[in-house]
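These notes concern the structure reproduced below.
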Amino acid sequence: MRIGVLTAGGDCPGLNAVIRSVVHRAMTGHGDEVIGFEDGFKGLLDGHFRPLDLNAVSGILARGGTILGSARLERGRLREAAENCAELARRYGIDALIPIGGEGTLTAARLLSDAGMPVVGVPKTIDNDIYSTDRTFGFDTAVTVATEAIDRLKTTAESHQRVMVVEVMGRHAGWIALESGMAGGAHGICLPERPFEVDSLVKMVEARFSRGKKFAVICVAEGAHPAQDSMEYGKGEIDQFGHERFRGIGNVLAAELERRLGKEARPVILGHVQRGGTPTAYDRVLATRFGWHAVEAAHRGEFGRMTALRGTAVEMVPLAEAVTQLKTVPENRMFEAESVF
Ligand code: F6P
């Protein structure tokens, strides 16, 4: 069998672990040949690919990023890919294509699959917001980075009697804010799923100060926004890929809290530091399992599906189901955290 693999969309720790796993399982388990397309679907369309063998993936398990490069594909080119996919598969002699990516990539994968390309998807995103899988690799690494940041910010906040507002990634789903906020013991957590009341945050900080705790850390997802009339805050902008981008809630909220509380507040925007660097052991294992199962699914001819973690088992689920909606934080998880505003 000839297997093509590509990584598309925003990168994420664990991508290299999937690529390595696909190559290992395909070559040593089945005697397959593997080629890697460069820079996502662009490589498939433009004919940029290279053979991947055991040496090509040696030493990449712990490396962040992706050895294949990644890019987001303009919607027009996606249609082009879908229209030509039978021709593309023939041109490269591909018996199975394994695209590794987030919601956008999986939607593209579904389109290609519907058009006849033999596709097995592998979900990835630090946001953990892909429906149909309990976890995505990259998420554990991002939560670990954000938790360490909160731990560190607490000591400097306490020294200076400040309020720290840590903005973490998560445009539509607040999983990183929820779990790093819980693990780091943030005093306030703000999620995109629930508009927050600034008054409640102000009261919480005042209550802490009046019982002698002279600092506070608030963990806010980049897509979190205040309830109407709670604070001045503009709407998100639609970027060229059609995503709504809320920029700067960390800065805006820190300034507002400083004004209302009369105490120093500092914003800390963690940004892409959450996506870079070496994956945690958990993410390496999940990524490796996904790669293994993707190759096995290809050999069973289970196309149009993606790997998914269900409980502790890796299962194959239809791509069509996975891209119907995003997996956002449910109410019961907010209650458990106690400090979601
Ligand atoms: O989807 C992953 C993610 O890291 C989001 O959390 C974040 O909003 C976005 O990608 C950032 O994208 P870019 O790298 O294009 O700025």
Check: Based on the Cβ-Cβ distance of residue 208 and residue 337, what FRET efficiency does E = 1/(1 + (r/R0)^6) give at R0 = 22 Å, to the nearest 0.05?
Finding: 0.85
Next item on the list: Any chance you could give the angle, 0 to 90 degrees and rounded to 10, that helix 249-261 forms with the longest Cα principal axis of the chain?
Entry: 10
Margin query: Using the Karplus curve 6.51 cos²θ - 1.76 cosθ + 1.60 with θ = phi - 60°, what ³J(HN,Hα) values do you get for each residue of the stretch 142-159, in whole Hz, with x for Gly and Pro?
Written below: 4, 5, 5, 5, 5, 5, 4, 4, 5, 4, 5, 5, 4, 5, 6, 4, 5, 4
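Dipole size in debye (nearest 20) for the stretch 142-275 around its Cα centre, Lys and Arg Cβ +1, Asp and Glu Cβ -1? Could the numbers behind the result be given before it?
Working: 18 positive and 18 negative charges, 96 e Å.
In total the dipole reaches around 460 debye.
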Checklist line | Placed amide H near residue 36: partners under 5 Å, 5+ positions off or other chain | finding: 5, 50, 52
Check: What is the set of long-range amide H partners of residue 269 at a cut-off below 5 Å, with H atoms built 1.01 Å from backbone N?
Finding: 167
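For 94, 189, what's the fewest-to-most ordering of other Cβ within 10 Å of each Cβ? Provide the component values of the computation, followed by the final result.
Working: 94 24, 189 29.
Neighbour counts put them in this order, fewest first: 94, 189.
What list do you get for 18, 57, 317 if you sort them by fewest beta carbons within 10 Å?
On the way: 18 28, 57 21, 317 17.
The fewest-first ordering by Cβ neighbours comes to 317, 57, 18.
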Notebook entry, point to check: HN-Hα J couplings of the stretch 204-218 from phi, Karplus 6.51/-1.76/1.60, θ = phi - 60°, integer Hz, Gly and Pro as x?
Noted result: 4, 5, 4, 4, 4, 4, 6, 9, x, 8, 9, 7, 8, 10, 10
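To make sure I understand, if each residue's beta carbon is the centre and we count other beta carbons within 10 Å, what order do 85, 219 fall in, fewest to most? Walk me through the numbers on the way to the answer.
Details: 85 23, 219 37.
With the fewest neighbours first, 85, 219 line up as 85, 219.
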Next item on the list: Evaluate the relative contact order of the stretch 160-200 (contact order divided by residue number), counting alpha-carbon pairs under 8 angstrom at least 6 apart; express in whole percent.
Entry: 32
Item checked: Efficiency of FRET from Cβ geometry, residue 264 and residue 229, R₀ 41 Å, rounded to 0.05 -> 0.95
Next item on the list: Using the Karplus curve 6.51 cos²θ - 1.76 cosθ + 1.60 with θ = phi - 60°, work out ³J(HN,Hα) for each residue of the stretch 25-41 in order, rounded to whole Hz, and write x for Gly and Pro.
Entry: 5, 5, 7, 7, x, 10, x, 7, 10, 10, 10, x, 7, 8, 6, x, 5
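Find the relative contact order for the stretch 142-275 and round it to a whole percent, using C-alpha pairs within less than 8 Å whose residues are 6+ positions apart. Kindly include the intermediate steps, with their values, before the conclusion.
Details: 267 pairs, mean separation 45.2, N = 134.
Value for the stretch 142-275: 34 percent.
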Notebook entry, point to check: Any idea how far apart residue 77 and residue 50 come out in nm if each label point goes 7 Å out from Cα toward Cβ?
Noted result: 1.9
Margin query: Between 0 and 90 degrees, rounded to the nearest ten: what's the tilt of helix 103-114 against the longest Cα principal axis of the chain?
Written below: 30
Note to self: Tell me the relative contact order for the stretch 135-194 as a rounded percent, counting alpha carbon contacts under 8 Å between residues six or more apart.
What the structure shows: 35
Next item on the list: Run the quick spin-label model on residue 281 and residue 134: label points 7 Å from Cα toward the beta carbon, then report their separation in nm to one decimal.
Entry: 1.9
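Which of the trypsin sites (Lys or Arg not before Pro) across the stretch 56-96 are loop residues per DSSP, with 13 or fewer other Cβ within 10 Å?
Working: sites: 63, 72, 75, 77, 79, 90, 91; in loops: 63, 72.
Those that pass, being in a loop and sparsely packed, number zero.
Given the DSSP H assignment, sum -39500 (n - 2.57) over each helix run of at least 4 residues in the chain and divide by its residue total; what's the result at 222 nm in deg cm²/dmol, nearest 500?
Values: 11 runs with 135 residues, N = 341.
Calculated at 222 nm, the ellipticity per residue is -12500 deg cm²/dmol.
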Checklist line | Cross-link partners of residue 213 among lysines (Cα-Cα below 28 Å; sequence separation of 8 or more within a chain) | finding: 154, 203, 263
Next item on the list: Return the long-range amide H neighbours of residue 306 (sequence gap of 5 or more, or a different chain), with a cut-off of under 5 Å between placed amide H atoms.
Entry: 121, 317, 319
Item checked: 0 to 90° range, to nearest 10: angle between helix 281-300 axis and the chain longest Cα axis -> 30
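Throughout, read-outs are computed from the coordinates displayed, never taken from laboratory work. These numbers were taken from a predicted model, which means no experiment stands behind them. Quick reminder, even Gly has a Cβ in these numbers, built from the backbone with ideal geometry, and neighbours come from all protein chains shown.
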